[in-house]
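Quick notes on the structure that follows.
Values in this text are rule-based calculations from the coordinates and carry no lab data. None of the values given here were measured: they were computed from a predicted structure. Cβ placement follows ideal geometry from the backbone for every residue including glycine, while neighbour counts extend to all protein chains displayed.
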Amino acid sequence: MNILLWVIQALLGFLYGAGGYYKAFRPQQLSNQFPAIPSGGWRGLGVLEMVGAVLLIVPAATRWMPLLTPLAAAVLAVETLIVSAVYARRSLKPTGENPLVYGAAMLLLVTFVAYGRYALTPLT
């Protein structure tokens, strides 16, 4: 179980880090596509994702404050719900893409990491 959690954490760390980088450094482009969130909001979500990506891996790897890992996963789960809701409002229009599948998969994985690192195989 521990190896599976590490693999998922590494994958999520990469995906949230890359997505956070895009949101933090290209907020105007996202704000034009999704006007419900201003560019400052996208920048804030991007920074949150990048910090969360680091906290998914570093505290668990160094065993320094390992409780930050499931906490970061829980915060990223909430953030994923919020961003998925914004995407859902836009995906109701016929664009030919469905970002809700990606959001649901990310939500499932990050929730599994939060539960797994808190209850199944906690790092002490």
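Where in the chain are the helices, taken as whole DSSP H runs, whose Cα atoms extend 30 angstrom or more along the long axis and whose Kyte-Doolittle mean reaches at least 0.5?
Those that clear 30 Å and a mean of 0.5 are 2-25, 39-62, 68-91.
Quick one: dipole size for the chain, taken about the Cα centre, charges +1 on Lys/Arg Cβ and -1 on Asp/Glu Cβ, in debye to the nearest 20.
So the dipole magnitude of the chain works out to roughly 180 debye.
Roughly what would the spin-label model give for Arg63 and Arg89, points 7 Å off Cα along C-beta, in nm?
Result for the modelled spin labels: 4.7 nm.
Please provide three numbers in whole Å: the alpha-carbon extents of the chain along the principal axes, with the largest listed first.
So the extents along the principal axes, rounded to whole Å, are 46, 24, 17.
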